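S.K.: Below is one structure. I have some questions about it.
Since every read-out is calculated from the coordinates, none of them should be taken as a lab result. Predicted, not measured: the structure shown is a model, and the values here were computed from it. Cβ sites come from the backbone with ideal geometry, for glycine too, and all protein chains shown count toward neighbours.
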Amino acid sequence: MAGLVIRGATIVDARGERSGDVRIRDGRIVEFGDIREVGDEPVLAANGRYVTPGLIDCHVHLCYEGGPSPQVMAKKTDAQLAIEAAAHARATLLAGVTTARDCGGRGFVETLVRDAIRGGLIEGPRLFTSGHPIVKKGGHMSYYARQTEGPADCATAAKEQIAMGVDWLKVVATGGITSPNVDPKVAELTEEMIRAVVEEGRRAGKPVAAHAHGGDGIRNALAAGVRSLEHGTFLDEAMIGMLLRDRVYLVPTLVATRAMIDAGTAKGVPEFAVRKASEIDPIRRRAFAECVKRGVRIAMGTDAGTPFNMHGENPRELELMVEAGMTPAQALEASTVTAAKMLGIDADVGLVAPGHAADVLVLARNPLDDPAAYRSDLAAVVRSGRLVLGPTDGWSQ
Ligand SMILES: [Zn+2]
């Protein structure tokens, strides 16, 4: 595989800012500093621009289209979902997200997309998948999820996902916003049911992510031993203490409610979803701010694919995290090293450093001055050493 030299950049990652050249070979960063000798590899003259690690989005749904209601999925065939998920994966990568975790799809379509990306058949981020969400019978997302009754059935459901090659397991601990007739405050899977999934996952080396808004559901998920808590709307002081004690990651997905509120019923978002999102939005932002203050491990995630939360707009989450209480440096950390740690790949991705995978972005503005730079000033995306977005002339010096 050909290499690449990025010249004259300011590197911005969780270790801070520094200037230098970056040499990439065989998909990895091999050298950083003052690089004089350039062979036949192409040179990207980044002079005056900023190089950051590719972003990691820990919560996407490649099978969701971003329309007014994800329930439209029920009317689609798996083949249709596969084509759409492949397009969504590409849009995600071109937005600067070089790694993503899918938190629930149908027919293992997202897992097949992961394999097609790995095989070089299609373009997309490094993907981690979780198959069908495991839910209570008739609960949130039951229109496509694996519905379960009781702990034994939950264990079977976990085995089914593992057999299909998923990387994570996803459980739904409370109601949610986008399904009618469920309440985000109400617990759905019981602690015993979640524990059955966690234990099955542990036997196979698959961690568990739990969707949870209400306090009872959050407590059930944490007591059962999940690794990541998705949304975490009604987190209180005691629950934050549990997160810290058990080293559980919070994936806030702030942009999901904001996108639904902004679009509103005018754009066709169901009235029940707009109502629940409006109620939840200020509460979750307060809980998020408290988690930032207390030092909870926070990994960036968007819930991309939910209503008007479009694949390819993922970096908007960093803007909202800063608006809700993080510094831009903390938002960068949540979107790179912390997310990588949660996924167990921090030795490999999340920093612009020799030995790490060459997943980097070039930005025309410093994201530490304004995280909106990820959306407005993205000049290049390098994934595994390949320029997938950027100038064809290498920004001739
Ligand atoms: Zn989700």
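S.K.: Among the lysines, select those whose C-alpha is under 25 Å from the C-alpha of residue 276, and discard any that sit fewer than 8 residues away in the same chain.
M.R.: Output for residue 276: 75, 136, 137, 170, 185, 267.
S.K.: Another question about this same structure. Specify which residue in the list 301, 278, 142 is farthest towards the positive end of the charge dipole of the chain, using unit charges on the beta carbon of Lys, Arg (+1) and Asp, Glu (-1), about the Cα centre.
M.R.: Result: 142.
S.K.: Here's something else I'd like to know. Which whole-angstrom value gives the distance between the alpha carbon centres of the range 209-226 and the range 328-350?
M.R.: 23 Å
S.K.: Rounded to the nearest 20 Debye, what is the dipole magnitude of the range 340-397 about its Cα centre when Lys and Arg each give +1 and Asp and Glu each give -1 at the C-beta?
M.R.: Roughly 120 debye for the range 340-397.
S.K.: Among 73-83, 375-385, how do they line up by average Cβ neighbours within 10 Å per residue, starting with the highest?
M.R.: The packing order, highest mean first, is 375-385, 73-83.
S.K.: Please give the peptides 213-224, 282-293 ranked by average Cβ packing (other Cβ atoms within 10 Å per residue), highest first, as a rough proxy for protection.
M.R.: The packing order, highest mean first, is 213-224, 282-293.
S.K.: Given the options 177, 164, 251, identify the residue whose Cα lies farthest towards the positive end of the charge dipole of the chain (+1 on Cβ of Lys, Arg; -1 on Cβ of Asp, Glu).
M.R.: In the chain, that residue is 164.
S.K.: Considering amide H positions built from the backbone, and no H for Pro or chain starts, which residues 5 or more places from residue 59, or on another chain, come under 5 Å of its amide H?
M.R.: For residue 59, whose amide H was placed from the backbone, the distant partners under 5 Å are 101, 302, 303.
S.K.: Considering the convex hull of the alpha carbon atoms of the chain, report its projected area averaged over all viewing directions, in nm², one decimal.
M.R.: With the hull built on Cα positions only, its mean projection is 17.8 nm².
S.K.: May I ask what percent, to the nearest 5, of DSSP beta bridges between residues of the chain are antiparallel?
M.R.: 45 percent
S.K.: Short version: ³J(HN,Hα) in whole Hz for each residue of the range 282-294, in order, from phi by Karplus 6.51 cos²θ - 1.76 cosθ + 1.60 (θ = phi - 60°), x for Gly and Pro, what are they?
M.R.: Working through the residues one at a time gives x, 5, 5, 5, 5, 4, 4, 4, 5, 5, 4, 4, 7 Hz.
S.K.: In addition: Take each of the peptides 264-275, 46-57, average the number of other beta-carbon atoms within 10 Å over its residues, and list them starting from the highest.
M.R.: Per-residue mean Cβ counts within 10 Å order the peptides as 46-57, 264-275.
S.K.: Now for a different question. Could you size up the charge dipole of the chain around its Cα centre, putting +1 on the beta carbon of Lys and Arg and -1 on that of Asp and Glu, and report it in debye to the nearest 20?
M.R.: Roughly 420 debye for the chain.
S.K.: Also, quick follow-up: Can you give me the relative contact order of the chain as a percent, contacts being Cα pairs under 8 Å and 6 or more apart?
M.R.: Reported relative contact order: 21 percent.
S.K.: In whole Hz, with x marking every Gly and Pro, tabulate ³J(HN,Hα) for the range 351-364 from phi via Karplus 6.51 cos²θ - 1.76 cosθ + 1.60, θ = phi - 60°.
M.R.: Taking θ as phi minus 60°, the curve returns 9, 8, 8, x, x, 7, 4, 7, 10, 9, 10, 10, 10, 7 Hz for the range 351-364.
S.K.: Right, here's the next one. Under 20 Å from the Cα of residue 341, which aspartates and glutamates turn up, not counting those fewer than eight places away in the same chain?
M.R.: List returned: 13, 57, 102, 167, 230, 246, 303, 317, 333, 359.
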